[in-house]
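Colleague: Below is a structure I'd like to ask you about.
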Amino acid sequence: QVQLVESGGGLVQAGGSLRLSCAASGRTFSSYAMGWFRQAPGKEREFVAAINWSGGSTYAESVKGRFTISRDNAKNTVYLQMNSLKPEDTAVYYCAGGPSRYYSGSGPMSYWGQGTQVTVSS
């Protein structure tokens, strides 16, 4: 079992930056692919970025070139660096992980955090 706790959300002006963190419990963290998803009001949850156990990453088209996902297996933590933020990035951001080492951006993930709010003002 893996528990995920996100932090780092907040209010930022358009063009600004935030870094989200996701701390994971459990010894198997390094074996899982990890991902970030977001859900805006009135919209379905959508994929943002994922990182495989080996460090390879994939991104949604809407965030490519602006967001960077990374992981520190020694700290059991995955990060999402968000730059050049836009009002349309406003959403609750969720960290997710597993069930396998690789994740391509579609399909279910096993473990989910509670989410952290990101609000980008224009």
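The values are calculated or read from the model by the stated rules, or taken from the named source; none is laboratory data. Everything quoted here is computed from the prediction, not taken from an experiment. No Cβ is skipped: glycine too gets one built from the backbone with ideal geometry, and neighbour counts run over all protein chains shown. For the accessible areas, the whole protein counts, side chains as well, though only heavy atoms, and no ligand, DNA or RNA atoms are used. Shrake-Rupley method; radii C 1.70, N 1.55, O 1.52, S 1.80 Å.
Colleague: Could you give the distance between the Cα centres of the stretch 71-122 and the stretch 40-63, to the whole Å?
Modeller: 7
Colleague: Taking 0.36 nm per residue of separation and subtracting the Cα-Cα distance, what length does fully extending Gln3 through Gln114 add?
Modeller: Values: separation 111, 0.36 × 111 = 39.96 nm, distance 0.98 nm.
Contour length minus Cα-Cα distance gives 39.0 nm.
Colleague: Only Lys, Arg, Asp and Glu count, each charged at its Cβ (+1, +1, -1, -1), so figure out the dipole size of the chain about its Cα centre, rounded to 20 debye.
Modeller: Working: 11 positive and 7 negative charges, 46 e Å.
Once rounded to the nearest 20, the dipole reads 220 debye.
Colleague: Which FRET efficiency value, to the nearest 0.05, do you get for Ser121 and Ser70 by plugging their Cβ-Cβ distance into 1/(1 + (r/R0)^6) with R0 = 41 Å? Intermediate values should be presented prior to the final figure.
Modeller: Numbers: r = 26 Å, r/R0 = 0.64.
The calculated FRET efficiency here is 0.95.
Colleague: Leaving out ligands, DNA and RNA but keeping every protein chain, what accessible area does Leu4 have, in Å² rounded to the nearest 10, with a 1.4 Å probe?
Modeller: Approximately 10 Å² for this residue.
Colleague: Taking a probe of 1.4 angstrom, what is the accessible area of Val120 in Å², to the nearest 10?
Modeller: The accessible area of Val120 comes to roughly 10 Å².
Colleague: Could you report the accessible area of Phe37 in Å², rounded to 10, computed with a 1.4 Å probe on the protein chains as they sit in the structure?
Modeller: Approximately 20 Å² for this residue.
Colleague: Leaving out ligands, DNA and RNA, what percent of the accessible area of the chain is carbon and sulfur, probe 1.4 Å?
Modeller: Details: 2910 of 6180 Å².
Ligands and nucleic acids excluded, carbon and sulfur reach 47 percent.
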